[in-house]
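Following: one structure in structure tokens, then a few remarks.
The values are calculated or read from the model by the stated rules, or taken from the named source; none is laboratory data. Everything quoted here is computed from the prediction, not taken from an experiment. Every residue, glycine among them, receives a Cβ derived from its backbone with ideal geometry; neighbour counts consider all protein chains shown.
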């Protein structure tokens, strides 16, 4: 019982036999013998072991501790499962948001192209001699020139993005 408890508590604390031996000022083989049940630590050493492992002596001498370790592993695995589910939900939500943003971008691009087609490039008939309308005409012309050249590329990239963010089943 003592040998199993020392080993289980040492492992649960993340210590190797060598690390425990260094903390107790003994050789690793001594710790190995205790864990194999080939020898038993004296009362002073038992107190030192309990201090290093931060465990009461009664726990070291008591019943097997392995069950508590299994419970800890179950609790950790359950927490990890919850975290994995949360991460999967975030990823799905993020993918949906990106997809709808890309769809909205495509719709906006199509609507602007339709508006430009309906207006039939009004900047060509703009009166540039009036200072108030000249600035507005240049701004509109610059927007249309830039939009007509960049929108198709952005539209293609958005369509590819929509395709890549579709729900995979």
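Among the candidates 80, 61, 73, single out the residue that is at pLDDT 85 or above and under 30 Å from residue 4 (Cβ atoms).
80
Does residue 109 qualify as being closer than 30 Å to residue 162 by Cβ, modelled with pLDDT under 85 and in a helix (DSSP H, G or I)?
In short, no.
Any residue in the range 115-122 that is surrounded by 11 or more Cβ atoms within 10 Å (Cβ to Cβ), modelled with pLDDT under 85, in a helix (DSSP H, G or I) and in contact with a helix residue (DSSP H, G or I) (Cβ under 8 Å, 6 or more places away or on another chain)?
yes
List the residue pairs whose Cβ atoms are under 8 Å apart, where the first residue sits in the range 1-23 and is part of a loop (DSSP other than H, G, I, E, B), the second is modelled with pLDDT of 90 or more and surrounded by fewer than 19 Cβ atoms within 10 Å (Cβ to Cβ), and the two are 6 or more positions apart or on different chains.
Sorted first by the residue in the range 1-23, then by its partner, the pairs are 15/23.
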